[in-house]
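For reference, the structure discussed in these notes is given below.
The values are calculated or read from the model by the stated rules, or taken from the named source; none is laboratory data. Quick caveat, the model's predicted, so the values are computed rather than measured. Note that we place each Cβ from the backbone using ideal geometry, even for glycine, and neighbour counts take in every protein chain shown. Ligands, DNA and RNA are stripped out before the accessible areas are found, and what is left, the full protein with its side chains, is counted by its heavy atoms. Shrake-Rupley method; radii C 1.70, N 1.55, O 1.52, S 1.80 Å.
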Amino acid sequence: MPNLIVLGTQWGDEGKGKIVDLLTDRADVIVRYQGGHNAGHTIVSDGEKFILHLIPSGILHADKLCVIGNGVALDPHALVEEREMLTKRGVSVDRNLRISDACHLILPYHRAIDKESEKFRGTRRIGTTGRGIGPAYVDKMARIGIRLGDLANPSLFREKLEQNLAETNYLLEKLYTTHGLDAETIYSQTMSLADRILPFMDDTALTLHKAIKNGKTLLFEGAQGTLLDVDHGTYPFVTSSNSSAGGALTGTGVGPTAIDRVLGVTKAYTTRVGSGPFPTELINESGEYLREKGQEFGATTGRARRCGWFDAPAVRYACRINGISEIALTKIDVLDALPSLKIATGYEINGKKTEEFPRRVELLETARPVYESHPGWTQPTSGVRDFNALPDNAKRYIARIEELIEVPVTVLSTGVGREDTIIRQDPFAAR
Ligand code: GDP
Ligand code: IMO
Ligand code: MG
């Protein structure tokens, strides 16, 4: 069966967790490839809600292998905490989890820098999740990062930690005028977790290679969304990793010829958490309505998500960047009661109309959406199991989205549960 990347096409929180959990049935290995515990992926399984930050959303299926690839930034505390949460709730996290020895660790000084640098930026702050993600990736690129494999060598770990803290404490104390951190404390706190993490450590690129060779089906689970990608997103209001399809390769060590399809998860409207441009944002009662009805509050930080109409150029752009072959459209039920809906088909930027998503953030900041209106369906889609049984106006809304983004909507989600899904074409089916 084909190997599939599942990723977000907007600014995150599109419902990736639900879709990955749903498709896990058909896959053998589920792989996270980037981001860290800034992600919050919600799964509702038999009415029970789970929020996963670091461990792949396939973990609720005991017989599947879950892999955390080298591209993920790993906070040792967050991992241990998440595993304990799952174990307490009866989900086994044992031989079914492997973590790359090349994952970069998020340590307390990364969180401190994340917090202080956000304060320092003032009105240009990114509105990060405060999890230390950015600073951990900075260290990776600066080639001073500490990787999971280093935990297996305590004296090397201590040496790297001391060297990094000498630099970081200078920054914390002199530039940010706050207190520095103690290397010995971080060393002993982190080492006290080592025996709960190292048993999962693996050469995951080799494990994945063997799985592919043995004909196993791989499902790559993206975190964040394409518009938060550090290269292709609304830079600088992005996260610090490649959440687009390319990240699935560099973040795992799997080559491009192993990937067959890319499924984009897209919300039937748009949301964003944190700062940055958002042309279709609704700062009015309609936005509040979407937030309440869609329960748009961050799964990681609890922050209210900014809400707005569907932005077709943005999603078409994401489809292009990722080579998306099909779309899972989620949360269509949130629009059920609205008498009329809008879709942005383009923008007006400095008096000029365009149908393309501008790559420069200062242009996007001034972009005024060009809308077309659609009549609502004012009937429930939740509970509908057959595409043909959907209200006609809902079908028209979906067909118009397909036309604008130039990719078919093959999966529809009409509620939080696995059963609230209409599959028009199975992403794993032979074609
Ligand atoms: P992710 O980060 O992409 O995995 O998405 P989140 O879990 O952060 O946010 C999506 C939210 O929408 C979660 O609370 C899901 O339970 C919920 N959700 C997913 N699909 C649907 C849907 O089709 N309808 C409704 N009403 N909620 C959904
Ligand atoms: P999932 O996987 C939505 C946003 C933050 C901030 C920016 C940078 O659940 O879709 P960071 O802490 O990553 O340096 O913050 O990215 N952000 C997300 N927004 N969903 C997410 O993950 C996000 N992860 C990060 O709000 O604007
Ligand atoms: Mg989320």
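Any residue that is touching a Cys at 6+ places or on another chain (Cβ under 9 Å), in a strand (DSSP E or B) and away from ligand 2 (no atom under 15 Å from the Cβ) - is there at least one of those in the stretch 38-52?
No: the stretch 38-52 contains no residue that is touching a Cys at 6+ places or on another chain (Cβ under 9 Å), in a strand (DSSP E or B) and away from ligand 2 (no atom under 15 Å from the Cβ).
Mind telling me which of the residues G17, G58, G35 ends up being in contact (Cβ under 8 Å) with a residue 40 or more places away in the chain and touching a helix residue (DSSP H, G or I) at 6+ places or on another chain (Cβ under 6 Å)?
Details: G17 fails: touching a helix residue (DSSP H, G or I) at 6+ places or on another chain (Cβ under 6 Å); G35 fails: touching a helix residue (DSSP H, G or I) at 6+ places or on another chain (Cβ under 6 Å).
Going through G17, G58, G35 in turn, the sole match is G58.
Matching residues to (1) open to solvent by 20 Å² or more (accessible area, probe 1.4 Å); (2) within 23 Å of E419 (Cβ to Cβ); (3) modelled with pLDDT of 95 or more:
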{"residue": "F357", "(1), (2), (3)": "no, no, yes"}
{"residue": "E362", "(1), (2), (3)": "yes, no, yes"}
{"residue": "A367", "(1), (2), (3)": "no, no, yes"}
{"residue": "Y371", "(1), (2), (3)": "yes, no, yes"}
{"residue": "G376", "(1), (2), (3)": "no, no, yes"}
{"residue": "Q379", "(1), (2), (3)": "yes, yes, yes"}
{"residue": "G383", "(1), (2), (3)": "yes, yes, no"}
{"residue": "P391", "(1), (2), (3)": "no, yes, yes"}
{"residue": "A399", "(1), (2), (3)": "yes, no, yes"}
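What tally of residues in the stretch 18-33 results from selecting those that are under 26 Å from H110 (Cα atoms) and within 14 Å of ligand 3 (Cβ to nearest atom)? I'd like the intermediate steps shown before the answer.
In the first step, residues of the stretch 18-33 are kept if they are under 26 Å from H110 (Cα atoms); the result is 31-33.
From what is left, the residues that are within 14 Å of ligand 3 (Cβ to nearest atom) are 32.
Count: 1.
All but one of (1) closer than 27 Å to D182 by Cα; (2) surrounded by fewer than 22 Cβ atoms within 10 Å (Cβ to Cβ); (3) acidic (D, E) hold for D75, so report the exception by its number.
Among (1) closer than 27 Å to D182 by Cα; (2) surrounded by fewer than 22 Cβ atoms within 10 Å (Cβ to Cβ); (3) acidic (D, E), D75 violates only (2).
Kindly indicate whether any position in the stretch 303-313 is within 11 Å of ligand 1 (Cβ to nearest atom) and in contact with a strand residue (DSSP E or B) (Cβ under 9 Å, 6 or more places away or on another chain). Step through it out loud before you land on a result.
So the first thing to find is which residues in the stretch 303-313 are within 11 Å of ligand 1 (Cβ to nearest atom), and the list is 305.
Applying the additional criterion that residues be in contact with a strand residue (DSSP E or B) (Cβ under 9 Å, 6 or more places away or on another chain) yields 305.
The answer is yes; a qualifying residue exists.
I'd like to check something: does the stretch 320-330 contain any residue that is among the hydroxyl-bearing types (S, T, Y), open to solvent by 10 Å² or more (accessible area, probe 1.4 Å), more than 14 Å from ligand 2 (Cβ to nearest atom) and not in a loop (DSSP other than H, G, I, E, B)? First the steps, then the outcome.
Going residue by residue through the stretch 320-330, those that are among the hydroxyl-bearing types (S, T, Y) are 325, 330.
Still in the list and also open to solvent by 10 Å² or more (accessible area, probe 1.4 Å): 325.
Still in the running and more than 14 Å from ligand 2 (Cβ to nearest atom): 325.
Still in the list and also not in a loop (DSSP other than H, G, I, E, B): none.
No, the stretch 320-330 has no match at all.
Could we say that K216 is within 29 Å of G264 (Cβ to Cβ), out of contact with any Gly (no Cβ under 8 Å at 6 or more places or on another chain) and of a type in the set (D, E, K, R) here?
Working: within 29 Å of G264 (Cβ to Cβ): yes; out of contact with any Gly (no Cβ under 8 Å at 6 or more places or on another chain): yes; of a type in the set (D, E, K, R): yes.
So K216 passes the test.
Condition test on R125, is it touching a Lys or Arg at 6+ places or on another chain (Cβ under 8 Å), open to solvent by 80 Å² or more (accessible area, probe 1.4 Å) and modelled with pLDDT of 95 or more?
On the way: touching a Lys or Arg at 6+ places or on another chain (Cβ under 8 Å): yes; open to solvent by 80 Å² or more (accessible area, probe 1.4 Å): yes; modelled with pLDDT of 95 or more: yes.
It is true that R125 is touching a Lys or Arg at 6+ places or on another chain (Cβ under 8 Å), open to solvent by 80 Å² or more (accessible area, probe 1.4 Å) and modelled with pLDDT of 95 or more.
Can you find even one residue in the stretch 363-380 that is in contact with a Ser or Thr (Cβ under 9 Å, 6 or more places away or on another chain), under 24 Å from P427 (Cβ atoms) and among the charged types (D, E, K, R)?
no
Tally time: how many residues in the stretch 139-148 are surrounded by fewer than 17 Cβ atoms within 10 Å (Cβ to Cβ) and in contact with a helix residue (DSSP H, G or I) (Cβ under 9 Å, 6 or more places away or on another chain)? Spell out the reasoning first.
Taking the stretch 139-148 first, the residues surrounded by fewer than 17 Cβ atoms within 10 Å (Cβ to Cβ) are 141-144.
Cutting the leftovers down to in contact with a helix residue (DSSP H, G or I) (Cβ under 9 Å, 6 or more places away or on another chain) gives us 144.
Within the stretch 139-148, residues that are surrounded by fewer than 17 Cβ atoms within 10 Å (Cβ to Cβ) and in contact with a helix residue (DSSP H, G or I) (Cβ under 9 Å, 6 or more places away or on another chain) number 1.
Please give the number of the condition T87 fails out of (1) under 18 Å from the mean Cα position of the chain (by Cα); (2) open to solvent by 50 Å² or more (accessible area, probe 1.4 Å).
Checking T87 against (1) under 18 Å from the mean Cα position of the chain (by Cα); (2) open to solvent by 50 Å² or more (accessible area, probe 1.4 Å), the one that fails is (1).
Looking only at the stretch 74-92, which residues are farther than 28 Å from D139 by Cβ, out of contact with any strand residue (DSSP E or B) (no Cβ under 8 Å at 6 or more places or on another chain) and not in a loop (DSSP other than H, G, I, E, B)? Steps first, answer last, please.
At the first step, the residues of the stretch 74-92 found to be farther than 28 Å from D139 by Cβ are 86-92.
Right, trim to out of contact with any strand residue (DSSP E or B) (no Cβ under 8 Å at 6 or more places or on another chain) and you get 87-88, 90, 92.
Across the stretch 74-92, the qualifying residues are T87, K88.
Give the residue that is most open to solvent (accessible area, probe 1.4 Å), with candidates limited to residues of the stretch 201-239 that are within 16 Å of ligand 2 (Cβ to nearest atom) and part of a helix (DSSP H, G or I).
Of the stretch 201-239, the ones within 16 Å of ligand 2 (Cβ to nearest atom) are 219-239.
Now drop any that are not part of a helix (DSSP H, G or I), which leaves 226-228.
Details: T226: 0, L227: 1, L228: 29 Å².
Applying the filter and picking the extreme gives L228.
Quick check: anything in the stretch 331-344 within 16 Å of ligand 3 (Cβ to nearest atom), in contact with a Gly (Cβ under 7 Å, 6 or more places away or on another chain) and at pLDDT 95 or above? Reasoning before the result, please.
Start the filter on the stretch 331-344 by keeping residues that are within 16 Å of ligand 3 (Cβ to nearest atom), which leaves 331, 334.
Filter once more, so that each one left must be in contact with a Gly (Cβ under 7 Å, 6 or more places away or on another chain): 331, 334.
Then drop every residue that is not at pLDDT 95 or above, which leaves 331, 334.
Looking for residues that are within 16 Å of ligand 3 (Cβ to nearest atom), in contact with a Gly (Cβ under 7 Å, 6 or more places away or on another chain) and at pLDDT 95 or above, one finds at least one in the stretch 331-344, hence yes.
When you scan the stretch 95-125, how many residues do you find that are closer than 23 Å to A166 by Cβ and outside any helix (DSSP H, G or I)?
4
Starting from the stretch 81-103, keep only residues that are among the polar types (S, T, N, Q), then list their pairs with residues that are open to solvent by 70 Å² or more (accessible area, probe 1.4 Å) whose Cβ atoms are within a distance under 8 Å, requiring at least 6 positions of separation or different chains.
Every condition considered, the pairs that remain are S92/A62; N96/A62; N96/D63; S100/D203.
Taking the stated definitions as given, is D28 open to solvent by 30 Å² or more (accessible area, probe 1.4 Å) and touching a residue at least 40 places away in the same chain (Cβ under 8 Å)? Step through it out loud before you land on a result.
Values: open to solvent by 30 Å² or more (accessible area, probe 1.4 Å): yes; touching a residue at least 40 places away in the same chain (Cβ under 8 Å): yes.
So D28 passes the test.
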